[in-house]
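Engineer: Encoded as structure tokens, here's the structure I'll be asking about.
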Amino acid sequence: MEVIKEEYTEAELFQREEIKARRQIEGVTKNTLGAISLLARIILEQYEDYAEAEQLYRESITGWKNFDDSDSDAPLKISSDLFWLGRALHEQGKYTEAEVTLRGSVQCRTIVQGVYHPATEGARKHLLRATMAPRMSTQGGSKMESSGEKLDLRTDS
């Protein structure tokens, strides 16, 4: 298990160095934004530092929005970053903002990838989870959980 953690540490350091170099040499380009998004994913999943991941995803989304509307990569990248931003917000207990962000991801993914695409369906599941979270936290969990059944709405989208 230590090897995996060490690899992620190296990946994180590499991504931080790559972002710094790209900013100095290229400025904000598609490659820079891709590196920022990848670092955010490492931070989110490996370190569970949701606040830093949130900041990085916001930076990436803002950068992608500055590209020309005819850029074919931008809508897909924005929809993906919105999805992961929504998850980071949800994990921080920012349920209302997570719901709005995930709703944006669902709308964008529906347009870009289609209503039945697995990524769109995954975003819808997380949107449902975000909308249910405030009610579940005030009720001490769902009725399904208290009866011994588990409702698993997670996905690896």
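The values are calculated or read from the model by the stated rules, or taken from the named source; none is laboratory data. Everything quoted here is computed from the prediction, not taken from an experiment. Positions of Cβ are backbone-derived with ideal geometry, glycine not excepted, and every protein chain shown enters the neighbour counts. For the accessible areas, the whole protein counts, side chains as well, though only heavy atoms, and no ligand, DNA or RNA atoms are used. Shrake-Rupley method; radii C 1.70, N 1.55, O 1.52, S 1.80 Å.
Engineer: Is there a residue in the range 71-81 that is over 21 Å from residue 27 (Cα atoms), at pLDDT below 95 and either open to solvent by 30 Å² or more (accessible area, probe 1.4 Å) or in contact with an Asp or Glu (Cβ under 7 Å, 6 or more places away or on another chain) (or both)?
Structural biologist: Yes, there is a match, as at least one residue in the range 71-81 is over 21 Å from residue 27 (Cα atoms), at pLDDT below 95 and either open to solvent by 30 Å² or more (accessible area, probe 1.4 Å) or in contact with an Asp or Glu (Cβ under 7 Å, 6 or more places away or on another chain) (or both).
Engineer: Additional query: So, in the range 45-60, of the ones that are among the hydrophobic types (A, V, I, L, M, F, W, C) and within 15 Å of residue 98 (Cα to Cα), which residue ends up most open to solvent (accessible area, probe 1.4 Å)?
Structural biologist: Taking the range 45-60 as the starting set, the residues that turn out to be among the hydrophobic types (A, V, I, L, M, F, W, C) are 51, 53, 56.
In the following step, the residues that additionally are within 15 Å of residue 98 (Cα to Cα) were identified as 51, 53.
Details: 51: 57, 53: 0 Å².
Among residues in the range 45-60 that are among the hydrophobic types (A, V, I, L, M, F, W, C) and within 15 Å of residue 98 (Cα to Cα), the one most open to solvent (accessible area, probe 1.4 Å) is 51.
Engineer: So residue 144 clears everything in (1) surrounded by fewer than 17 Cβ atoms within 10 Å (Cβ to Cβ); (2) modelled with pLDDT of 95 or more except one condition, right? Which one?
Structural biologist: Result: residue 144 fails condition (2) only.
Engineer: Now, a different point. Which members of the range 7-35 meet the condition of being open to solvent by less than 40 Å² (accessible area, probe 1.4 Å) and touching a residue at least 24 places away in the same chain (Cβ under 8 Å)?
Structural biologist: Matches in the range 7-35: 11, 12, 15, 32, 33, 34.
The rows are residues; the columns are (1) of a type in the set (S, T, N, Q); (2) over 14 Å from the mean Cα position of the chain (by Cα).
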| residue | (1), (2) |
| --- | --- |
| 15 | yes, yes |
| 24 | yes, yes |
| 28 | no, yes |
| 31 | yes, yes |
| 52 | no, no |
| 58 | no, no |
| 84 | no, no |
| 92 | yes, no |
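Engineer: Also: When you check residue 119 against the structure, is it open to solvent by less than 20 Å² (accessible area, probe 1.4 Å) and modelled with pLDDT of 95 or more, yes or no? Reasoning before the result, please.
Structural biologist: Details: open to solvent by less than 20 Å² (accessible area, probe 1.4 Å): yes; modelled with pLDDT of 95 or more: yes.
Yes; evaluated as a whole, the condition is true for this residue.
Engineer: Next up: Can you report the number of residues in the range 3-29 which are at pLDDT 90 or above and assigned to a helix (DSSP H, G or I)? Quick ask: steps written out before the conclusion?
Structural biologist: Quick first cut of the range 3-29, residues at pLDDT 90 or above only: 12-29.
Of the ones still in play, those that are also assigned to a helix (DSSP H, G or I) are 12-25.
Total satisfying the criteria: 14.
Engineer: Further, regarding this structure: If you check every pair at least six apart or on different chains, which have Cβ atoms under 7 Å apart with a residue in the range 91-114 that is over 18 Å from residue 45 (Cβ atoms) first and a residue that is outside any helix (DSSP H, G or I) and modelled with pLDDT of 95 or more second?
Structural biologist: Qualifying pairs under 7 Å: 109/117.
Engineer: Which residue pairs have Cβ atoms closer than 6 Å, lie 6 or more positions apart in sequence or on different chains, and pair a first residue in the range 42-59 that is among the hydrophobic types (A, V, I, L, M, F, W, C) with a second residue that is part of a loop (DSSP other than H, G, I, E, B)?
Structural biologist: Listed by first residue and then by second, the contacts come to 43/49.
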